[in-house]
Amino acid sequence: MKKISLRQMKEKQKGIICDISAGQALHNKFMSMGIYHGREITKISSIGLKGPVAIKVGRSVLVLGHGVANKVTVEVE
Amino acid sequence: MIKKIFLIGNPNVGKSVVFSRLTGVRVISSNYAGTTVEIMRGTLKLGEQEIEVVDLPGTYSLEPASKSEEVAVSLLYEYPKDEIAVINIVDSTNLERNLYLTLQLLEAGLPVIVSLNMCDEAKHHGVSLDADKLEKIIGVPVISTCAITGSGIKLLLERIHEAKPVLRDKFSHRQRWQDIGAIIEQVQQLTHRHHTLREILEDASVRPFSGALIAMGVLFVSFQVVRFIGENLISRIADPIFFNLYQPLLARLSSLLGEESFIHHLLIGDLINGRIDFKQSLGLLTTAPYIEFAMVLPYIISFYFVLGLLEDIGFLPRLAMLMDNLLHHLGLHGFAIIPVLLGFGCNVPGILATRNLESRRERFIAATLISIGVPCVALQAMIFGLLGRFSGFYVSGVYLVLLVVWLVLGIILNHTAKGYSPEFLVEIPPYRIPSPATLWHKLFLRIKGFLIEAAPLVLLGVLLVNVLLYFKLFDFFTGIFAPVVKGLFGLPKEAIVSLVMGLFRKDVAVGMLLPLALTVKQLFITAVLLSISFPCVATFIVFFKELGLKDLIKATLIMLIVGLVTGSLLNLAIR
């Protein structure tokens with residue numbers, strides 16, 4: 001098990017969210033969209049080196065901007 | 001006694017469609033988060049009683065993250081709880097995420113009834129939900145609905161009186177999600193299916209390389225289709241009506257009134273070479289309706305038809321993701337591409353749609369870029385009208401110059417505007433096959449909106465120009481601006497009249513340019529200047545309403561500077 005950021009994940013890789021470093025407002029927003037500690041997600045893709053990341057959470061596809069994506073750390077096999 | 005019904009739910013779960021079903025009020029709905037930025041109101045007859053129905057903008061939680069969410073949430077607490085019912089509209093294909101808001105509503109002690117919407121699509125996706133079981137668990141009525149076809153809506157209304165507050169402890173975020181996990185286990189069953197073509201396409205359109213290819217293809221085809229439909233509507237329907245049916249009538253009226261009379265000037269305008277010229281005569285019965293119905297309306301129809309398709313398929317949020325990198329350099333994030341695209345139809349809804357952007361800075365940048373760098377349909381029809389008879393190079397040239405202006409101005413604004421631009425965190429909807437009825441309603445509403453907004457202005461504009469021309473009042477005006485217009489832009493001084501008129505309504509401006517016999521270069525520069533200036537007086541008004549006087553003045557100054565610089569540079573650069 002190692003900890004990496006959403007960006008570093010490979011396409012189709014699964015991971016479990018282990019850390020979110022965000023302020024209260026963003027934290028709440030993450031939470032309401034289903035991004036929270038312990039949740040399993042699958043990476044779909046990312047655009048360019050400083051672009052957004054698309055992930056699958058449950059049945060929804062969410063896109064996170066570069067900076068937001070960097071705030072989420074996941075644990076992968 | 002229920003006096004008000006609120007519709008609340010996550011973005012893009014079909015609230016607006018339910019709203020239309022309940023009230024008969026037609027509203028615009030699309031397949032992406034944030035179509036509804038305003039609070040919509042309508043009424044519904046329940047037995048003998050008239051009840052107000054309020055459709056709130058979509059929200060993921062009761063802790064608002066944007067201005068439109070904040071407005072939605074605050075309204076819920078304004079009325080006594082025994083006088084309202086809250087219909088929580090839930091996307092059946094994605095119950096888990098939607099339940100978060102549902103639980104918050106229950107915890108807040110609001111009288112809730114749940115509508116499991118899009119139940120037909122859920123079946124399609126292999127999701128089956130047990131509504132009865134969910135009702136037992138959460139303790140409020142749960143009804144399966146499919147708003148697009150209307151099924152379940154009647155039952156929803158029959159049971160609306162059962163919406164009552166339930167006792168539920170306030171949970172922490174984590175507990176809520178644990179609770180949701182447990183509920184989902186009991187009520188949802190998934191049938192495993194193989195990847196469908198739709199899912200393969202969905203994935204391909206958010207990957208860098210395949211996504212860019214798909215996006216370019218879609219945009220290219222869309223542009224071609226808009227042109228094809230627009231041109232055909234003009235040449236096959238509008239022009240024949242005007243030239244074969246309407247013109248003979250007007251000719252008779254013209255000879256009846258006598259060419260020299262004031263009323264002839266007012267209604268018919270000037271005869272060009274002894275004949276009525278719909279583009280140049282500038283009469284209330286000639287140029288005004290021709291501009292409106294034969295030049296602009298056909299493109300309005302074709303543009304909104306294609307845009308509606310793209311919206312309902314669910315393509316736009318994917319485009320937003322692909323554009324995120326570029327837009328970051330302009331101080332915006334990817335989702336700003338949606339207001340920009342709407343702006344290509346009409347800047348007014350484009351500026352309204354900036355409400356989805358979270359920070360004020362982003363809204364200012366987006367609204368300024370839309371009003372300066374994005375030509376609306378009316379304006380584009382004019383560009384084609386002015387430059388279309390020369391090579392296509394000139395028409396594409398205008399778009400190219402605008403793109404450069406747009407990018408340079410965006411980069412400058414990003415470095416100078418105060419405030420912060422938040423990042424992008426948005427949900428991407430599945431691709432859906434658009435419902436013809438929804439498409440049709442939306443097209444109808446948008447065309448109606450355009451006609452109501454534009455027609456009186458065009459009429460007024462033509463009237464104004466007509467009267468000013470008759471009394472030769474423009475000469476004073478052209479004298480003042482002659483140095484700028486002649487010296488910097490290389491245009492005849494009379495062109496200023498058209499440029500200023502353009503601020504009122506772009507389509508009126510063109511009729512005034514044609515008699516000036518401009519060279520191609522002059523036409524090109526004028527077209528660019530007309531594009532850079534705000535498209536019409538309605539844009540000024542909506543900019544003021546949305547962002548206030550200070551920002552409007554700022555944007556207007558920016559517009560003047562950009563116009564001066566671009567016009568002078570083009571004049572120097574082109575031989």
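The values are calculated or read from the model by the stated rules, or taken from the named source; none is laboratory data. Worth saying up front: this structure is predicted, and the values here are computed from it rather than measured. Reconstructed Cβ throughout: ideal geometry from the backbone, glycine too, with neighbour counts over all protein chains shown.
Annotations for the structure displayed:
- Qualifying residue in region B:252-268 (condition: touching a residue at least 40 places away in the same chain (Cβ under 8 Å), more than 30 Å from B:Tyr299 (Cα to Cα) and either in contact with a Leu (Cβ under 8 Å, 6 or more places away or on another chain) or not charged (D, E, K, R) (or both)): yes
- Residue match in region B:486-503 (condition: free of Cβ contacts under 8 Å to residues at least 60 places away in the same chain and touching a Cys at 6+ places or on another chain (Cβ under 9 Å)): yes
- Among the numbered conditions (1) out of contact with any Leu (no Cβ under 9 Å at 6 or more places or on another chain); (2) within 14 Å of chain A (Cβ to nearest Cβ), the only one that B:Lys133 does not meet is (2).
- A search for C-beta distances below 6 Å between a residue of region B:381-409 that is over 16 Å from B:Ile574 (Cβ atoms) and any residue that is part of a loop (DSSP other than H, G, I, E, B), counting only pairs 6+ apart in sequence or on different chains, returns nothing.
- Residues of region B:461-481 classified as surrounded by 15 or more Cβ atoms within 10 Å (Cβ to Cβ), at pLDDT 85 or above and out of contact with any strand residue (DSSP E or B) (no Cβ under 8 Å at 6 or more places or on another chain), total: 1
- Looking at A:Gln24, A:Gln13, just one residue is of a type in the set (S, T, N, Q) and either free of Cβ contacts under 8 Å to residues at least 40 places away in the same chain or at the interface with chain B (Cβ under 8 Å from one of its Cβ atoms) (or both), and that residue is A:Gln24.
- Residue in region B:13-47 that is surrounded by the fewest Cβ atoms within 10 Å (Cβ to Cβ), counting only those that are part of a loop (DSSP other than H, G, I, E, B) and of a type in the set (A, V, I, L, M, F, W, C): B:Ile39
- Verdict on B:Ala366 being under 18 Å from B:Leu503 (Cβ atoms), away from every other protein chain (no Cβ under 13 Å) and of a type outside the set (Lys, Arg): no
- Residue satisfying all of: in region A:27-44; buried (at least 17 other Cβ atoms within 10 Å of the Cβ) and more than 11 Å from the chain's Cα centre (by Cα); farthest from the other protein chains (Cβ to nearest Cβ) among these: A:His27
- Matching residues, region B:242-268, being modelled with pLDDT of 90 or more, touching a helix residue (DSSP H, G or I) at 6+ places or on another chain (Cβ under 9 Å) and of a type in the set (Gly, Ala, Ser): B:Ser254
- Listed conditions (1) out of contact with any Cys (no Cβ under 9 Å at 6 or more places or on another chain); (2) closer than 26 Å to B:Val25 by Cβ; (3) more than 14 Å from chain A (Cβ to nearest Cβ) are all met by B:Arg432, apart from (3).
- For region B:532-556, residues that are touching a residue at least 12 places away in the same chain (Cβ under 8 Å) and either surrounded by fewer than 19 Cβ atoms within 10 Å (Cβ to Cβ) or in a helix (DSSP H, G or I) (or both) total 14.
- Scanning region B:207-239 for residues that are away from chain A (no Cβ under 14 Å) and either more than 23 Å from B:Tyr304 (Cα to Cα) or polar (S, T, N, Q) (or both) turns up B:Ser222, B:Gln224, B:Asn232, B:Ser235.
- The criterion of being within 30 Å of B:Ser281 (Cβ to Cβ) and either of a type outside the set (S, T, N, Q) or in a helix (DSSP H, G or I) (or both) holds for B:Gly511.
- Checklist (1) more than 19 Å from B:Asp91 (Cα to Cα); (2) surrounded by 14 or more Cβ atoms within 10 Å (Cβ to Cβ); (3) more than 36 Å from the chain's Cα centre (by Cα) applied to B:Lys170, failing item: (2)
- Taken over region B:292-315, the residue count meeting the criterion of being assigned to a helix (DSSP H, G or I) and within 12 Å of chain A (Cβ to nearest Cβ) is 0.
- Given (1) more than 9 Å from chain B (Cβ to nearest Cβ); (2) within 24 Å of B:Asn98 (Cα to Cα), index of the condition A:Ala54 fails: (1)
- Taken together, B:Ala182, B:Ala204 contain a single residue that is within 14 Å of chain A (Cβ to nearest Cβ), among the hydrophobic types (A, V, I, L, M, F, W, C) and free of Cβ contacts under 8 Å to residues at least 40 places away in the same chain, which is B:Ala204.
- If you go through region B:347-378 and pick out every residue that is closer than 14 Å to B:Ser531 by Cβ and at pLDDT below 90, you end up with 1.
- Cβ-Cβ contacts under 7 Å between residues 6 or more apart (or on different chains), taken from a first residue in region B:159-177 that is closer than 24 Å to B:Arg97 by Cβ to a second residue that is of a type in the set (D, E, K, R), are listed as B:Pro165/B:Lys81; B:Arg168/B:Glu107; B:Lys170/B:Glu107; B:Phe171/B:Glu107; B:Phe171/B:Asp179.
- Residue check for A:Ser60: closer than 20 Å to B:His173 by Cβ, within 11 Å of another protein chain (Cβ to nearest Cβ), crowded, with 20+ Cβ neighbours inside 10 Å and free of Cβ contacts under 8 Å to residues at least 12 places away in the same chain: no
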